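Worksheet: the structure to be examined is printed underneath.
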Amino acid sequence: MGFGNQMLLVVLALVLFSTITLGIYNSLSNQSTLVGRYMYLTQSFRCADKYLQKVDAESLSKGYTYIWDTYRNASFTESVSNIDYHIIINSAHCDSLGNSANPKDKYQKLNIKVWCKPAGYDTIWVGTSSKPISKILANMGV
């Protein structure tokens, strides 16, 4: 084997090694991004769950009309690890399936949307206008 063939094999080995290394680092970077986004999504769900539990407790202690008055068009901001999570809650009267908007219905539907804008990411939404996080509350007093 000549010197030229050996140099060609060394160059090919370097190209293969650098391609594999770049692929590994690219995959690690993608995984890191996914883990970061998942962390923010999980925290957004925790914020939504916190308000759902709060509304459940208030519906028992303060009543159905208090929920309507307080959460008809409410927005809150929770700060967790220097990231602001913006919680938007809308309450609407509905039937037991969440369909109608008759004010005399005995149910309320809560729709929750949460969004945050962490550094280095686009805005992350949990719940959208067409698919919010929803819960139906019954007026047990009527």
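When a/c is below 1.5 the answer is rounded, else prolate if a/b is larger than b/c, else oblate, so apply that to the range 1-88 with a ≥ b ≥ c taken from the square roots of the Cα gyration tensor eigenvalues. Prolate, since a/c reaches 1.5 and a/b exceeds b/c.
Is the shape of the range 61-127 best called rounded, prolate or oblate, per the rule: a/c under 1.5 gives rounded, else a/b larger than b/c gives prolate, else oblate, with a ≥ b ≥ c the square roots of the Cα gyration tensor eigenvalues?
Details: a/c = 4.22, a/b = 2.19, b/c = 1.93.
Prolate is the answer for the range 61-127, as a/c is 1.5 or above and a/b outweighs b/c.
Across the range 8-23, rounded Karplus estimates of 3J(HN,Hα) from the backbone phi angles (6.51 cos²θ - 1.76 cosθ + 1.60, θ = phi - 60°) give 4, 5, 5, 5, 5, 5, 5, 5, 5, 4, 5, 5, 5, 5, 5, x Hz, Gly and Pro being marked x. Would you please give the residues with an amide H less than 5 Å from that of Tyr85, counting only those at least 5 places away or on a separate chain, with H modeled from the backbone geometry? Distant-sequence amide H within range of Tyr85: Glu78, Ser79, Val80. When the charge dipole of the chain is built from unit charges on Cβ atoms (+1 for Lys and Arg, -1 for Asp and Glu) and taken about the Cα centre, the candidate among Phe3, Gly120, Ser100 whose Cα reaches farthest toward its positive end is Ser100.
Taking each DSSP H run with n ≥ 4 as -39500 (n - 2.57) and averaging over every residue of the chain yields -17000 deg cm²/dmol at 222 nm.
With protein chains left intact and a 1.4 Å probe, residues in the range 36-142 average 60 Å² of accessible area per residue. Within the accessible surface of the chain, defined with a 1.4 Å probe on protein heavy atoms only, the carbon and sulfur portion equals 59 percent. The convex hull drawn around the Cα atoms of the range 8-142, when projected onto a plane and averaged over every direction, covers 11.3 nm².
The values are calculated or read from the model by the stated rules, or taken from the named source; none is laboratory data. The shown structure was predicted, so the numbers you read here are calculated from the model rather than taken from an experiment. Virtual Cβ from ideal backbone geometry, glycine too; neighbours counted across all protein chains shown. Calculation scope for accessible area: heavy atoms of the full protein, side chains included, ligands and nucleic acids excluded. Shrake-Rupley method; radii C 1.70, N 1.55, O 1.52, S 1.80 Å.
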